[in-house]
Structures are given as structure tokens and as C-alpha cells.
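Participant: Take a look at this one; I'll ask things after.
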Amino acid sequence: MPSANTSNHQPVNQANNWQGLIETYRPYLPVSATTPVVTLLEGNTPLIPVPAISEQIGRGVKVYAKYDGLNPTGSFKDRGMTMAISKAKEAGAEAVVCASTGNTSAAAAAYARRAGMPAFVVIPDGYVALGKLAQALLYGAEVIAIEGNFDDALDIVRSLAKNYPVTLVNSVNPYRLEGQKTAAFEIIDVLGNAPDWLCIPVGNAGNITAYWMGFCEYHQAKKSDRLPKMMGFQAAGASPLISGKPVSQPDTIATAIRIGNPANWQKAIAVRDASKGEFNAVTDDEILDAYRLLASAEGIFCEPASAASVAGLLKVKDRVPQNATIVCVLTGNGLKDPTSAIEYSVNQVKTVKHDLETVAKAMGF
Ligand SMILES: *Cc1c(COP(=O)(O)O)cnc(C)c1O
């Protein structure tokens with residue numbers, strides 16, 4: 001029997017036998033025995049207790065971070081991309097294309113190249129974090145920067161996919177959401193039930209839609225006996241879902257959610273209403289406070305956009321029910337954006353003369 005892997009290697013034993021999210025959640029995913037599984041063993045990311053944040057809320061509330069920055073390319077986009085690229089390969093696609101604020105391009109590039117396909121990525125010039133750009137280049141994607149924002153880039157790749165032999169792997173590709181919903185499964189597999197609230201950054205609104213799909217499917221399968229309130233947070237300068245109208249010049253330091261016209265707008269509204277959840281905006285200052293708090297008090301380095309979930313939770317903390325269990329999704333790894341880390345850290349390097357006394361003094365001894 002040939003293995004389901006695209007290579008001829010038999011899967012090797014991983015710690016706790018993890019074979020990637022397609023193998024783990026196969027009955028819940030639109031794959032068949034003949035789908036070529038393109039995987040980097042993504043998923044199975046830790047659900048980390050964040051006691052300093054729990055303490056700021058008090059009243060017996062327990063907060064966890066779903067740290068999806070520990071995926072193979074450093075963001076949750078890998079969950080969608082293992083599915084999208086496997087299905088593209090199954091369909092005989094010649095190449096894939098995406099518009100990206102950075103993480104989608106890194107994931108698309110990695111998975112497409114692993115599947116032996118060319119990847120084309122279209123990015124807004126000057127607004128992609130350094131680490132993400134570095135990844136797309138080294139993985140071997142064709143990177144095309146346009147003058148314009150993410151929304152303009154998405155318009156272009158949508159037309160490209162209609163007119164040329166390339167498959168679109170943005171979150172308008174339904175397989176992306178199928179893969180991404182597995183993060184909700186993992187949370188329930190760990191907690192034994194759904195949380196009371198799920199706090200999540202929202203850009204194009206694919207991920208919030210996918211999580212809700214996952215929570216609903218597991219609820220239906222009796223793996224949980226409740227559904228969470230979906231609490232979506234946008235950056236104040238890019239918050240069309242809060243203002244109710246597209247933002248033509250989205251502006252925020254959280255470049256991964258610098259999106260003015262979310263592709264999954266209607267789905268996001270449906271999720272909010274069905275879950276009795278809320279959308280709220282957080283300012284860049286609030287995002288940066290949460291970003292520094294996560295790193296310095298919890299030891300978790302996420303990218304600025306990811307910190308919007310924690311910033312949002314802290315903003316509405318007075319409304320958190322007593323003893324609630326809350327999961328904040330940390331969508332991407334802090335190493336993606338070293339420029340922001342250095343620029344917005346209060347802590348800075350002290351340069352001193354190289355002698356014992358001076359160094360000890362600089363340490364406060
Ligand atoms: C893509 C991304 C988001 C936004 O997810 P959507 O599905 O577009 O709402 C948030 N944070 C990070 C780090 C991302 O890469």
C-alpha cells in the first residue's frame with residue numbers, strides 16, 4: 001500500500017504520533033483515500049495558560065492562549081494551506097496564487113513548493129513584515145509587490161485565477177477554512193469542552209468563520225455540549241466590521257489585519273449573530289500593550305496582529321462572566337516581525353565598556 005504522503009517515505013513516528021491535521025481529523029475533512037496529502041505536520045499547537053492575563057480579569061476567569069505561531073511557517077495559515085494545496089494537487093493544478101499581508105504568502109510558498117508547484121504571491125509594497133517576506137523568498141515563491149493595499153492585491157489575484165491557469169489559495173478558497181477549523185477541534189480536545197469565549201483577531205474574517213465551523217461540527221458530533229461566544233477584534237484603523245462600511249485606507253501597525261474590505265464579511269456577521277458574539281475595535285496602543293504584556297509577563301512572543309485578541313479581551317474584561325474559560329487565539333509568531341519588536345519594546349540594549357565593573361553596574365549590582 002502506498003502511503004497517503006506525497007513522498008514515498010513512510011511517515012516516521014512523531015512524539016505522540018502526530019501526523020498532521022489532515023490525518024488526525026480526516027473524518028471531518030473533504031479528503032479521500034487518494035487525495036495527495038501535502039503536510040509539514042502542522043497543527044497540534046499548544047493551548048497555554050496565561051495566568052498574568054487571567055489575574056488582570058480576576059473573578060475566577062481562566063484564560064488560555066492558542067499559540068498558532070508554532071505552526072511550521074509560524075502562523076495558523078498552515079492549517080488552511082495543507083488542505084488548499086493538497087486539494088489543488090489532487091485537482092492537477094499547475095500553480096497557485098494568493099494575495100497576502102505576509103503569512104498567507106509564506107504558507108502558500110512552503111506548501112506549494114513541497115508539492116512541487118510554483119507559487120505566485122502578490123503583496124502590498126512596504127507593508128509586509130520582514131520575516132514573512134524572507135520566508136516567501138527563500139521558499140522560492142515569485143513575489144510581486146504592488147502599489148496598493150491588501151484589498152487591491154486580492155482583486156488582482158481573483159481576476160488572475162479566473163483568466164490564467166493558477167489556483168487561488170486565499171481564504172475565499174473553501175478548503176482553507178476546512179483546514180483552519182481544526183484549531184477549534186484541538187481546543188475542545190484539550191479542554192474537554194468549548195470555551196465560554198473565543199477571542200480572535202479579524203482581518204479577512206476567514207479564521208473566525210473557520211473556528212465557528214469547527215466548534216459547530218464538534219458540537220454536533222457531541223464532542224462538546226456548548227458553543228462559545230465568538231469575540232472578534234479588529235484594529236481601530238482597519239475596522240470595517242465595526243463601522244459597517246469598507247475602509248478605503250486601512251491603517252494599523254498590525255499589518256496582518258490591515259484589511260479594509262474583508263472577503264468573508266457576510267460569513268463573519270453570521271458567525272457573530274449565531275454565537276451571540278461581538279466585534280470590537282482595539283487601538284494600536286492597546287495592541288502594543290498586549291503585545292508587550294504577552295512577551296514580558298507570559299513569555300509568549302506573538303506578532304502585533306495576534307495581540308489584538310488579548311488587547312480586546314482586556315478591553316471588555318468587565319463583561320466577562322465569572323469563572324469563564326476563555327481562549328485567545330495568537331495567530332502568528334513574534335519572530336515574523338522583528339522590526340516591530342525592536343521598535344516598540346520599552347526595553348532597549350545598553351551598550352557599555354567591556355570591563356567587569358561597568359557591566360555589573362549596568363546590571364544594577
Ligand atoms: C491572516 C492573519 C490574521 C487574520 O485572519 P483572517 O482570517 O484574515 O481574519 C490575523 N493574524 C495573523 C497573524 C494573520 O496572519
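The values are calculated or read from the model by the stated rules, or taken from the named source; none is laboratory data. Everything numeric here is computed off the predicted structure, so don't read it as measured data. Cβ coordinates were reconstructed from backbone atoms using ideal geometry, including for glycine residues, and neighbour counts include every protein chain displayed. In case anyone asks, the SASA skips ligands and DNA or RNA and just uses the protein heavy atoms, side chains included. Shrake-Rupley method; radii C 1.70, N 1.55, O 1.52, S 1.80 Å.
Participant: Going 7 Å from the Cα of Ala297 along its beta-carbon direction, which residues of region 19-56 have the amide nitrogen within less than 14 Å of the resulting point?
Facilitator: Flagged as within label range: 50-56.
Participant: Have a look at Ser345, Ser171, Ser224 and tell me which one the Gaussian network model of the chain (Cα, springs below 10 Å) gives the largest fluctuation.
Facilitator: Ser345
Participant: Moving on. Could you give the nm distance between label points at Gln249 and Met363, where each point is 7 Å from its Cα heading toward the beta carbon?
Facilitator: About 5.0 nm, to one decimal.
Participant: How far is the Cα center of region 130-198 from the Cα center of region 281-295, in Å?
Facilitator: Answer, in whole Å: 24.
Participant: How large is the dipole of the chain about the Cα centre if only Lys and Arg carry +1 and Asp and Glu carry -1, each at its Cβ, rounded to the nearest 20 debye?
Facilitator: In debye, rounded to 20, the chain gives about 720.
Participant: Indicate, rounded to the nearest 5 percent, the antiparallel portion of the DSSP beta bridges found entirely in the chain.
Facilitator: In the chain, DSSP labels about 15 percent of beta bridges as antiparallel.
Participant: Further, regarding this structure: Could you tell me which of the pairs Lys223/Lys336; Lys222/Lys276; Lys89/Lys223; Lys66/Lys162; Lys336/Lys361 are separated by over 25 angstrom between their Cα atoms in the structure shown? Walk me through the intermediate numbers first.
Facilitator: Numbers: Lys223/Lys336 34 Å; Lys222/Lys276 21 Å; Lys89/Lys223 32 Å; Lys66/Lys162 36 Å; Lys336/Lys361 34 Å.
Pairs exceeding 25 Å: Lys223/Lys336; Lys89/Lys223; Lys66/Lys162; Lys336/Lys361.
Participant: Further question: Out of residues 5 or more away from Ala99 or on other chains, whose amide H comes under 5 Å of its own, with H placed 1.01 Å from N in the peptide plane?
Facilitator: Val122, Asn170
Participant: Using θ = phi - 60° and the Karplus curve 6.51 cos²θ - 1.76 cosθ + 1.60, what whole-Hz ³J(HN,Hα) does each residue of region 62-77 get, with Gly and Pro shown as x?
Facilitator: In residue order, the calculated couplings are 10, 10, 10, 9, 8, 8, 7, x, 8, 6, x, 9, x, 8, 5, 4 Hz.
Participant: Mind giving me the nanometre distance, one decimal, between the label points for Asp355 and Gln266, set 7 Å out from Cα along Cα→Cβ?
Facilitator: For Asp355 paired with Gln266, the spin-label model returns 7.4 nm.
Participant: For Arg319 and Asp155, FRET efficiency with R0 = 45 Å and r from the beta-carbon atoms, rounded to 0.05? Intermediate values should be presented prior to the final figure.
Facilitator: On the way: r = 37 Å, r/R0 = 0.83.
E(calc), rounded to 0.05, equals 0.75.
Participant: If you don't mind, there's one more thing I want to ask. Ignoring ligands, DNA and RNA, what percent of the 1.4 Å accessible area of the chain is carbon and sulfur?
Facilitator: 54 percent
Participant: Taking R0 as 22 Å, what's the FRET efficiency between Asn16 and Leu47 from their Cβ-Cβ distance, rounded to 0.05?
Facilitator: On the way: r = 14 Å, r/R0 = 0.66.
Calculated transfer efficiency: 0.95.
Participant: Go ahead and estimate [θ] at 222 nm for the chain from helices alone: -39,500 (n - 2.57) per DSSP H run with n ≥ 4, summed, over the residue count, rounded to 500. Please list the in-between numbers first.
Facilitator: Working: 15 runs with 148 residues, N = 365.
That comes out to -12000 deg cm²/dmol.
Participant: Here's a follow-up. So how strong a dipole does region 34-115 carry about its Cα centre when Lys and Arg Cβ are +1 and Asp and Glu Cβ are -1, to the nearest 20 debye?
Facilitator: On the way: 9 positive and 6 negative charges, 21 e Å.
With Lys and Arg at +1 and Asp and Glu at -1, about 100 debye.
Participant: Hey, another quick one. Per residue, how many Å² of accessible area does the chain show with a 1.4 Å probe?
Facilitator: Result: 44 Å² per residue.
Participant: Also, quick follow-up: Counting pairs of alpha carbon atoms under 8 Å apart in space and at least six apart in sequence, what relative contact order in percent does region 212-365 give?
Facilitator: Computed over region 212-365, the figure is 19 percent.
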